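Visitor: Dropping the structure in here first, questions after.
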């Protein structure tokens with residue numbers, strides 16, 4: 001079994017107090033994603049999800065607190081959640097925003113949890129557009145394609161229509177835990193780790 005705190009600290013040897021903590025994390029079958037979603041965070045998360053899946057088919061708990069970030073990095077983690085055999089339970093804490101929300105809905109609604117003070121943010125994908133006029137037109141079209149994909153992906157994840165998702169996410173769309181439950185984004189708000197057993 002394997003787990004990690006996905007931060008930017010350097011790996012340390014498996015000795016002393018740090019080694020004991022790492023061993024306890026290893027046994028918990030949990031992955032924690034915090035901060036901006038980028039290629040390094042996605043690579044570490046996917047590496048650990050695949051390693052946990054190789055070790056056993058027991059459930060994996062994926063904790064998320066993120067302001068979002070790079071869409072394709074979020075896509076990578078989202079897709080691997082559905083690819084591997086073990087059940088992955090996503091647990092939101094703090095805030096789950098943008099690409100973080102994309103990862104969060106990688107699990108089916110019955111496996112999506114959050115802690116009581118979590119906030120959610122859905123919005124349109126955005127990106128900087130620059131270069132020649134023809135390149136800017138290509139980039140603008142790609143953003144439109146990505147938006148349409150998001151509308152359909154979040155519609156499937158929540159039970160809302162793509163049109164409702166498009167309307168709601170024209171501007172930043174914040175949800176409390178209660179609103180996220182009603183919207184179909186969250187399956188259950190939990191107060192105790194026992195709720196995951």
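The values are calculated or read from the model by the stated rules, or taken from the named source; none is laboratory data. Just so we're clear, the structure is a prediction, and the values are computed from it rather than from any experiment. Please note: Cβ atoms are built from the backbone with ideal geometry, for glycine as well, and neighbour counts cover all protein chains shown.
Rundown of residues vs (1) in contact with a helix residue (DSSP H, G or I) (Cβ under 7 Å, 6 or more places away or on another chain); (2) surrounded by 19 or more Cβ atoms within 10 Å (Cβ to Cβ); (3) free of Cβ contacts under 8 Å to residues at least 40 places away in the same chain, yes/no style:
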| site | (1), (2), (3) |
| --- | --- |
| 36 | no, no, yes |
| 60 | yes, yes, yes |
| 80 | yes, yes, yes |
| 91 | no, yes, no |
| 102 | yes, yes, no |
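Visitor: Any residue at all in segment 89-112 that's in a loop (DSSP other than H, G, I, E, B), over 16 Å from the mean Cα position of the chain (by Cα) and at negative phi? Spell out how you get there, then give the answer.
Guide: Initially, segment 89-112 is screened for residues in a loop (DSSP other than H, G, I, E, B), giving 98, 105-108.
Still in the running and over 16 Å from the mean Cα position of the chain (by Cα): none.
Checking segment 89-112: not a single residue is in a loop (DSSP other than H, G, I, E, B), over 16 Å from the mean Cα position of the chain (by Cα) and at negative phi.
Visitor: Give the residue, chosen from 146, 136, that is at pLDDT below 95, in contact with a helix residue (DSSP H, G or I) (Cβ under 7 Å, 6 or more places away or on another chain) and assigned to a helix (DSSP H, G or I).
Guide: 146
Visitor: Exactly one condition in (1) buried (at least 21 other Cβ atoms within 10 Å of the Cβ); (2) modelled with pLDDT under 95 is not met by residue 51; state its number.
Guide: (1)
Visitor: Hey, among 116, 125, which residue is farther than 19 Å from residue 61 by Cα and either part of a strand (DSSP E or B) or touching a residue at least 40 places away in the same chain (Cβ under 8 Å) (or both)?
Guide: Being farther than 19 Å from residue 61 by Cα and either part of a strand (DSSP E or B) or touching a residue at least 40 places away in the same chain (Cβ under 8 Å) (or both) holds for just one of 116, 125, which is 125.
Visitor: Could you grab me the full set of residues in segment 46-72 that are within 22 Å of residue 186 (Cα to Cα) and touching a strand residue (DSSP E or B) at 6+ places or on another chain (Cβ under 8 Å)?
Guide: Within segment 46-72, 49, 59, 60, 61, 62, 63, 64, 65, 66, 67, 68, 69 qualify.
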